[in-house]
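The values are calculated or read from the model by the stated rules, or taken from the named source; none is laboratory data. Model, not experiment: these values are computed from the prediction. Here the Cβ positions follow ideal geometry from the backbone for every residue, glycine too, while neighbour counts run over all protein chains shown. Surface areas here come from the heavy atoms of the whole protein model, side chains and all, with no ligands, DNA or RNA. Shrake-Rupley method; radii C 1.70, N 1.55, O 1.52, S 1.80 Å.
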Amino acid sequence: MIEILQFALLGLGAGTIYAALGTGVVLTYQAAGVINISLGAMGMYIGYTYAFLHNEDLLVLPIGTIATPDLPVWAAMLVCLAVAALLGLVAYALVFRPLRSASGLLKLVAAVGITMVLQSLVVLRFPTTSASVPPILANDPVHFGGLTVSWDRFLLAAVVIVIAALLWVLTRFTRTGLAMRAVAEDERAATLLGHSPGRLSALAWMGSSMLAGLLGILAGPITGLDPVTNSLFIVPALAVAIVGRLRSFGITVAAGIALGMVQSVVLKLQGDYSWLPQTGLREVLPFLVIVVTLAVSGGSLPSRGTEEDPRLPAVPRGGASPITVGATLLVGVALVLTLDGPYRTALTTTVVSVLVCLSIVVVTGMLGQISLAQMTFAGAAGFVLSNLTTRAHIGFPFAPLIAVALAVILGVAVAVPALRIRGVTLGVVTLGLAVAVSEFVFKNPGWTGGMGGSRVPELRLFGAGLGNGGDIGFALFALFAVTACAIGVIWLRRTRLGGQMLMVRANERAAAAAGINIAGIKLTGFGIAAGLAGTAGVLLGYQQESLAFQNFDVFVSLTYVAVVYLAGISRVSGAVIAGLMAPGGLVYYALDRWLDLGKYNAIVSAIGLLLALVTTPGGVAGEADRQLRWLVGRLRRPAVPEPSGEQVAALGEETGHAVSRTT
Amino acid sequence: MSVEKISRRPARVVAGACTALALTLVAACASNGDAGANSKSDKAESVRQVELPVKKAQGKPIVVGMINNDTNAAGNFANMGEATRAAVKYVNNNLGGAGGRPIRLEYCNSNGTTAASANCAAQILEQHPAAVIGGLDLGSDGSLPLLAKAGVPYVATTPISATELTSPDSFSFFAGAAGSQIAASVYAAKELHTKKAAVLFNENPQARLAAERFVRDVLKAQGVKKVTMVPFGVNETDVAGPLSQALQGGTDTVFGIMPESGCVNVLKAKQSLASTATYVFTGNCAAPGVLKAGGSAADGSYFPVSVQPANADTPDTKAFRAAIAKYAPSVDLGFYPESAFAATVSLSRVLGKTDKPDDPAAVIKAFHALKNEPTFVGPPVTCDGKQVAGLPSVCTNQVRIVKSENGRLQDVAGRWYSG
C-alpha cells in the first residue's frame, strides 16, 4: 500500500501538467468558444524560446533572432510570456476572429493548423530540437521511504493550484471575468449589455497562451522538449477539462492531478503483475475518463449561447451525374497510363487518399458526426489484412473482405457513444480513441508484426501480380475500387437512407419527431464510413507492402480531416480534391517539386491550410461549384433589349434601372 | 449578482494577493539552476586539420541517390544531407572517385511520410542510380519496396524501421540499434559487472523487441539474473515515474532505448532522482546536442556508437574532420552526419570493387562479396545476412563503447566491441 501511495506521488508531475493545460482549455472554451487543442504546442514553443534565451542569449522569434544580454530569470520569463501573449493574439486575430461564425469542426481544424505551424516553426527556427529548459523551481530530491520525488513537482502543483484559484477569482469577482461567463451563457444578451465578445476572446487567447507558455517554462525540465510529443499532452488535458465540464477550473485541476497519479499507480501495477497489458494501458486512461464522464453526465456538456452558426457546409442537391463520374474515371485511367515514376506513385497515393476522404464525407458531411479517428479504422483493417495474409495465408479477396468487415464492426462499436454525444465533444472522444488504439493496439508487436514489421504480400488477381504503388496494375485496381466506392456514396445520397442521414445532420430532434430511427441511422452511417476507411487501409497495405503504426497515428487523421474540410466536406468532389491535395498526393507532390520548398514544405503547407480555411470556409469544392454555376448562369442568360425611354417613363425610373441590371 | 453590486475593491485585493503569492512562490522556490547543464555554448575547439590529398575523379559520373528527411516531425536532419554532399566532394576531389569515376548525387528531401518517401524513390529511380543511400527517413516503408522491386541496393546510414533492417538488398555498414545494444549488454555484463539491470524503452514495436531480444535476453545469457522491463509512452509527461520503477530493487545499470529527446528527459530525471546507477543509452544519444542538453547528468553515461568518435585520433577521423571543415563547415561533428559521410565513402569503395558500378545488380553482388572489409571510420563488415540474427541487412555487430566525461566522449573499450 505504501508503495502504491509513493507511486501516486510520483504521478504528481504529469498530473499537474494535465491540470494546467486543461485549465487553459477551459479558459479558451468559456471565453472564446474554441476547444483549443494547440495549447500543448504553444507551451512547447515557448519552452524552446525560453531555453535558447537562457542558454544561448538568443531570442528566437518566428521571424528573426535577437541577441540579448545575459538576462535574469524573471526577465527572460517575462519576455517569453510576452511572446506567448503575442502569439495568442495573432492566432485569434488572424484565424479565429474571422472564423467566429464557423462550425465547431472548422475551429477544431483551425486549431490543428496552429499546432502544425508551431511544430514546423520549432523545427525550422531552433538549431537543435535536443534542447533543455533550465530548471527554475528548486528540484532537490525528497525521499519517501525507498522512493524519491523531486521537490519541483510539488512546487509546480502549488503554482497551478494558485493560478486556477486566480482564474476562479477572476471569473467570479471581476468585471472582465463576469463578462466572460455572461458571454459563455448567452453571447447575444452579453453583447446587448455592452460586453465585447471579440475583446474577451482576444483576452482569453492571450491568457491561455501565457498559461501554456508558463507551463512550458516551469514544466519543461520535467517534460523535456519535443515538437511532436509535447503537442500530444493536450489529449489527457482535454479529458480532464471534460471532467470539469469545460467550466470548472477547480474540478479540472483536481481531475488532472488525479489522472496523473492513477497513471503512475498503473505503471507500478504493470510492473508487479505481468498479466496486465504491458502496452499502452496508461495511454488508454484519458480515453476511458472521457467516455465515463460523458456517460455519467448524459453526454451533454455546457453549451455556449453564441452567435455562431454551427452548420457544416451545405450538401449539394443531387450529387455528381454519371457523366461527371465517367469523365473523372476516364481522366484517372488516362493519368495512370500516361504518368510514370513519382507522378504515378503520387497518383496512387491520391487514389487511396480519396477513399479516406470519402469516409470523412460520409460520417461528417452526410451524417453530421465529427470523427477524428477514421485512420484508426483504416489501420485496424490494414493490420488485420497483414496478419491474415502472412500468418493465416488467406489470400485475395477473402483477406481484405474480412479486414474491411472488422473495420465496419469497429465503426459501429465506436458509434455507440455517438448516440448520446454530439458536435465537437464527439470529435474529442474520437481523438482520445485514436490515441488509445494507436498506443494499445498498433504499437503492440504481438498484434502488428515482429521485428520484420507488418508485411503485406503483393496483391494477386486471378494469379497475376498487380505490383505495388508504382505499378500500373495496382494503380488501375485502386482507381476502379475507389470509383466503385464513390459511386456507392453518390447512390447512397439519393437513397432513403441517405436522405435520413441528411435529416439527422440537419436537426436530430426534428428527424426523431419525423419518425426516423436516429440510433440506427448513426450506427449505419458510422459503419459505412468505417468500411470505406477500412478499404483504404487495405489498399494502403497493398500499395506499400508493409504497414507501421506511424501510418495511422492521430496526426494523420487530423491532417485528412483538415484537408477534406478545406476541399469540401459535404461533397464527393471534395473528397477527390482532398485526395489530390493530401500529403504525398499528386498536386501536393507536383507543387513540392516545382516550387522546391525543401525544408519549408511543412510550414508553407500549414500556413496555406490556415489561409484557405479562413478565406474559403465553405470548402474549395463548394466555392468552385458556386463559381461554375454563376458562370453557367451568365452564359445561359438570353439577350434582352434595353428598355426605351417611353418604357422607362411608363415604369418609373428606378424600375427601369432594375430591369436593365437584371437582364 | 449584477456587476454594479460587486464591491470591486476586495475582489482586486484578492486577485492581487493571489498574483503576489504566485510570483512569490516562483521567486522563493527558484533554484540557481545547474550551471553545468545551462552553461552558455562553449566555443568550438580549434582542431588542426590534416591536408587532404588532391586526386580528382574523371569520366562518366556514377549516379547515387539519397533520400533524407531534411525536416520531419522529430526535428531537423538536413545536416545528414549536407554531410553526404561533403562526402561526395571528398570522394570526387580527394580520393579519385569510385573506381576512378566521380559520383553524382541525386538528392531527394522527403517529409517523413511513407507517401513522400515513395515519391522520392520513384523520382530517383528515373535517374537510374547504382545505389540509394538512406539518411534519416521516417517513411522508408514507402521507398524500400519500390527500390527492392527495381533491384537497386539501399544503403542505410541509420536503420530504424523494420523494412530497412530486413528488406532484401538493403545493407548497413553499421550495427545500428540492434547490434549496438547486443554489444553494450555484453560490455555491461562483463566489464561493468552488472548484477541488476532495468531496460527503459519507448513503447513502440521495434524498441520493445530490441529491448527484449537484444538487451534482456543477452543480459540473461551473460548471467545477469534480474532484468526489469519498463516501457514508457512516446508522449510520457514525466519520465521520473518510469525511471523510479526501473530503479526499484537496487538496479545498478539502466539501459535506455529511445530517441534523443527521450534521452535528455531520462538524464534530467536521473538528476532529479539523484540516481547513482550506471546508464547505457543507444548510440544516437551520444549526439552533441543531447550531451549539452543533459549537462552534468550525462557524465558517466555509456554509449555504443557505430563509428569512431569524431574527436578520435585516427587517419579516417582526421580526414573526416578536414573534409567537413572544407566542404560543409556548418555541419556539426555528430554521429548522424558522421554516419552519413562514412556510408557514402564506404559505398564509393564498394562501387570501386565492381567493373560495372552503374549496374545495381553488380553492386549488390559486390556487397554480398564483402568479408571483413574495412570501412571508413567504421568496423569491418561482412554482408552475409548473418551478422545479427533476424536482421539480414546489418553487415556488422561491432561498435565502439564510449563514455561521456565533462561533455566529451572517451573510447573506453579501445577496440571494436561485439556481442
Quiz prompt | Dipole-positive endmost among B:Leu243, A:Phe440, B:Leu219 within the protein assembly as shown (Cβ charges, Cα centre) | solution = A:Phe440
Practice problem: Kindly tabulate the residues in the range B:116-144 with an accessible-area decrease of at least 30 Å² between the chain alone and the assembly of all protein chains, using a probe of 1.4 Å. | Solution: B:Asn119, B:Ala122, B:Gln123, B:Glu126, B:Asp141
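At a Förster radius of 45 Å, what calculated FRET efficiency corresponds to the Cβ-Cβ distance of B:Gln127 and A:Trp630, to the nearest 0.05? Intermediate results must be reported in sequence, preceding the final value.
Working: r = 46 Å, r/R0 = 1.03.
For B:Gln127 and A:Trp630, the calculated efficiency is 0.45.
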Quiz prompt | Accessible-area value, B:His128, 1.4 Å probe, nucleic acids and ligands omitted, Å² | solution = 150
Quiz item: For a paramagnetic label modelled at 7 Å from the Cα of B:Thr276 toward its Cβ, which residues of the range B:228-264 fall within the zone defined by backbone nitrogen distances under 14 Å?
Solution: B:250-253
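Report, in debye and to the nearest 20, how large the dipole of the range B:153-227 comes out about its Cα centre when Lys and Arg carry +1 and Asp and Glu carry -1 on their Cβ. Don't jump to the answer; show the numbers that get you there.
Working: 9 positive and 6 negative charges, 124 e Å.
The dipole of the range B:153-227 has a size of about 600 debye.
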Self-check item: Amide proton proximity set for B:Ala413, modelled H, under 5 Å, gap of 5+
Solution: B:Ile401
Quiz item: For the residue pair B:Arg415 and B:Ser296, what label-to-label distance in nm results when each label sits 7 Å from Cα along the Cα-to-beta-carbon direction?
Solution: 3.6
Self-check item: Inter-centroid distance (Cα atoms) of the range A:79-126 relative to the range B:57-134, Å
Solution: 36
Practice problem: Give B:Lys195/B:Lys226; B:Lys55/B:Lys371; A:Lys107/A:Lys443; B:Lys268/B:Lys292; B:Lys225/B:Lys270; B:Lys196/B:Lys292 a once-over and call out the pairs whose C-alpha atoms are over 19 Å from each other. | Solution: B:Lys55/B:Lys371; A:Lys107/A:Lys443; B:Lys225/B:Lys270; B:Lys196/B:Lys292
Quiz item: Taking +1 at the Cβ of each Lys and Arg and -1 at the Cβ of each Asp and Glu, which of A:Gln500, A:Leu355, A:Pro417 sits farthest along the dipole of the range A:322-555 towards its positive end, judged by Cα position relative to the Cα centre?
Solution: A:Gln500
Practice problem: Treat every Asp and Glu Cβ in the protein assembly as shown as -1 and every Lys and Arg Cβ as +1, leave all other atoms uncharged, and give the resulting dipole magnitude about the Cα centre to the nearest 20 debye. | Solution: 1120
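Hey, what number do you get for chain A at 222 nm if only DSSP H runs of n ≥ 4 count, each worth -39500 (n - 2.57), divided across all residues, to the nearest 500? List each step's numbers first, then the result.
Values: 29 runs with 450 residues, N = 663.
Using -39500 (n - 2.57) per qualifying helix, the result is -22500 deg cm²/dmol.
So if I place +1 on the C-beta of Lys and Arg and -1 on the C-beta of Asp and Glu, and nothing else carries charge, what would the dipole magnitude of chain B be about its Cα centre? I want it in debye, nearest 20.
Working: 40 positive and 33 negative charges, 105 e Å.
Here chain B has a charge dipole of around 500 debye.
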Self-check item: Computed E for A:Ala67/A:Trp447 - FRET, C-beta separation, R0 56 angstrom, nearest 0.05
Solution: 0.60
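Starting from the Cα-Cα distance between A:His143 and A:Arg97, subtract it from 0.36 nm times their residue separation and give me the gain in nm to one decimal.
Full-extension gain reported as 11.6 nm.
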Quiz item: Using the alpha-carbon centroid of each, what span in Å lies between the range B:384-418 and the range B:326-380?
Solution: 17
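To the nearest 0.05, what FRET efficiency results for A:Leu288 and B:Lys56 with a Förster distance of 41 Å applied to their C-beta separation?
With R0 = 41 Å, the Cβ-Cβ based efficiency is 0.05.
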Quiz item: Label points 7 Å out from Cα along the Cβ direction at B:Arg104 and A:Ala464: separation in nm?
Solution: 3.6
Quiz item: Stretched out fully, how many nm does the piece from A:Leu269 to A:Leu611 gain, at 0.36 nm a residue minus the Cα gap?
Solution: 118.3 nm
Practice problem: Round to a whole angstrom and tell me the spacing of the C-alpha centers of the range A:412-440 and the range A:341-376. | Solution: 18
Practice problem: Identify, among A:Gln119, A:Leu58, A:Gly47, the residue whose Cα sits farthest towards the positive end of the charge dipole of the range A:33-149, taking +1 on the Cβ of Lys and Arg and -1 on the Cβ of Asp and Glu, with the dipole about the Cα centre. | Solution: A:Gln119
Quiz item: According to a simple spin-label model (label point 7 Å from Cα along Cα-to-Cβ), what is the distance in nm between B:Gln222 and A:Leu597?
Solution: 4.7
Quiz prompt | Gyration tensor (alpha-carbon) shape descriptor, the range A:2-296, a/c threshold 1.5 | solution = oblate
Exercise. On the full set of protein chains, 1.4 Å probe, figure out the accessible area of A:Asp272 and give it in Å² to the nearest 10.
Key: 80
Quiz item: Roughly what % antiparallel, to the nearest 5, for the DSSP beta bridges in chain B?
Solution: 30
Quiz item: Ballpark to the nearest 100 Å², how much total accessible area do A and B bury together, probe 1.4 Å?
Solution: 7200
Quiz item: What average number of partner chain Cβ atoms lie no more than 10 Å from the Cβ of the residues making up B:250-263?
Solution: 2
